[in-house]
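Below you'll find the structure, written out as C-alpha cells, and then a few comments.
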Amino acid sequence: MLFHIAATAVLTSIAILEIYSFYEVSPSVDIHLLINESPLHRVFVYGTLKRGEPNHNLIQDAANGYSKFLGIGRTATPYPLVIATKYNIPFLLKKPGFGHFVFGEVYDVDTKMLSKLDELEEHPAFYKRSEEDVLYAPESKAKSTDNFEEVSTLIKVWIYFLPKFKASLLESPMYTSYSNEGSHGLKYCEKYVRDPSYNHRSEVQ
C-alpha cells in the first residue's frame, strides 16, 4: 500500500516538473496569454439584442461564445435613438447631447461573442463600436428609473453607434428605450427575410 502511494507521489512530481519545464524552455508560449486568451468585454445593448427582442438569441446562444447579463444601463450622455429604414432598425446616432438618455442592458462577453456582435452590427463598415460611459445598476436595484442615478455607478462599455447618418434622421421620433412591441408599431424585419438586393444603408447614410 505504501509502495503504491509513494509511486503515485513520484509520478505526480514528474508530471509537475514536465509542465514547469515546458513553460520554462518554450519562449514562444506566454502562460499569461493561455490564461487570458479570451478576456471579457463589457457591452451595452439598446435595441434588438436585449432580452425579449428579435436578435437576443444571438447573445444567448453559447455556440456564439460566452455572455453574462449584468444589469441595466443608461447612457451618461443623451443620444438620438431612432427607428428607421423599411426594415424598422433601431439606430443610436453618434450625436452626443441630442435626444434622450437611453436605457439598455449591460453584458460581459468574450472575444468570440464580441466578434459575432460585430458581424451582426456590420462593424466598422456600418455601425461603429466605441467605448463610452454608461450608468449601470443591477436589475434588482433598477426597478424604478426615477431614482436610477442614485442606485447606479459609472462604468465603461462598448456601444454600437451609427456614426454617419442623414440629417433627416434627427427629425424622427426619439426614444429613451427600444421595444419591438412598442406603441410605435414599427416591427423589426429580421435579416433572413430581407431582400438581399436592397441596400438599407442608403436610407440612413
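Looking at this structure, is SER177 in a loop (DSSP other than H, G, I, E, B) and over 22 Å from the mean Cα position of the chain (by Cα)? Criteria not met by SER177. Quick check, is LEU92 outside any helix (DSSP H, G or I), among the hydrophobic types (A, V, I, L, M, F, W, C) and out of contact with any Lys or Arg (no Cβ under 9 Å at 6 or more places or on another chain)? Taking the combined requirement at face value, the residue satisfies it. In summary, LEU81 fulfils each of the numbered conditions (1) of a type in the set (A, V, I, L, M); (2) open to solvent by less than 20 Å² (accessible area, probe 1.4 Å); (3) farther than 20 Å from LEU170 by Cβ with the single exception of condition (3).
Which condition number in (1) open to solvent by 60 Å² or more (accessible area, probe 1.4 Å); (2) within 25 Å of THR77 (Cβ to Cβ); (3) in a loop (DSSP other than H, G, I, E, B); (4) touching a residue at least 24 places away in the same chain (Cβ under 8 Å) is the one that HIS184 fails? Going through the list (1) open to solvent by 60 Å² or more (accessible area, probe 1.4 Å); (2) within 25 Å of THR77 (Cβ to Cβ); (3) in a loop (DSSP other than H, G, I, E, B); (4) touching a residue at least 24 places away in the same chain (Cβ under 8 Å), HIS184 breaks only (1). Whether a residue is at pLDDT below 95 and open to solvent by 30 Å² or more (accessible area, probe 1.4 Å) was assessed, and THR111 does not pass this test. Determine if region 117-130 includes at least one residue that is part of a strand (DSSP E or B) and touching a Lys or Arg at 6+ places or on another chain (Cβ under 9 Å). Yes, region 117-130 contains at least one residue that is part of a strand (DSSP E or B) and touching a Lys or Arg at 6+ places or on another chain (Cβ under 9 Å).
Of all residues in region 40-88, those satisfying the criterion of being within 11 Å of the chain's Cα centre (by Cα), in a strand (DSSP E or B) and of a type in the set (Val, Ile, Thr) are VAL43, VAL45.
Per-residue answers, yes or no, for (1) under 17 Å from LYS50 (Cβ atoms); (2) at pLDDT 95 or above; (3) surrounded by 13 or more Cβ atoms within 10 Å (Cβ to Cβ):
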| residue | (1), (2), (3) |
| --- | --- |
| PRO124 | no, yes, no |
| SER140 | no, no, no |
| THR145 | yes, no, yes |
| PHE148 | yes, no, yes |
| PHE161 | yes, yes, yes |
| SER168 | no, yes, no |
| VAL204 | no, yes, yes |
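The values are calculated or read from the model by the stated rules, or taken from the named source; none is laboratory data. Just so you know, these numbers come straight off a predicted model, no measurement behind them. Here the Cβ is made from the backbone with ideal geometry for all residues, glycine too, and neighbour counts use every protein chain on show. Just so you know, the surface numbers come from the protein's heavy atoms only, side chains and all, with ligands and any DNA or RNA stripped out. Shrake-Rupley method; radii C 1.70, N 1.55, O 1.52, S 1.80 Å.
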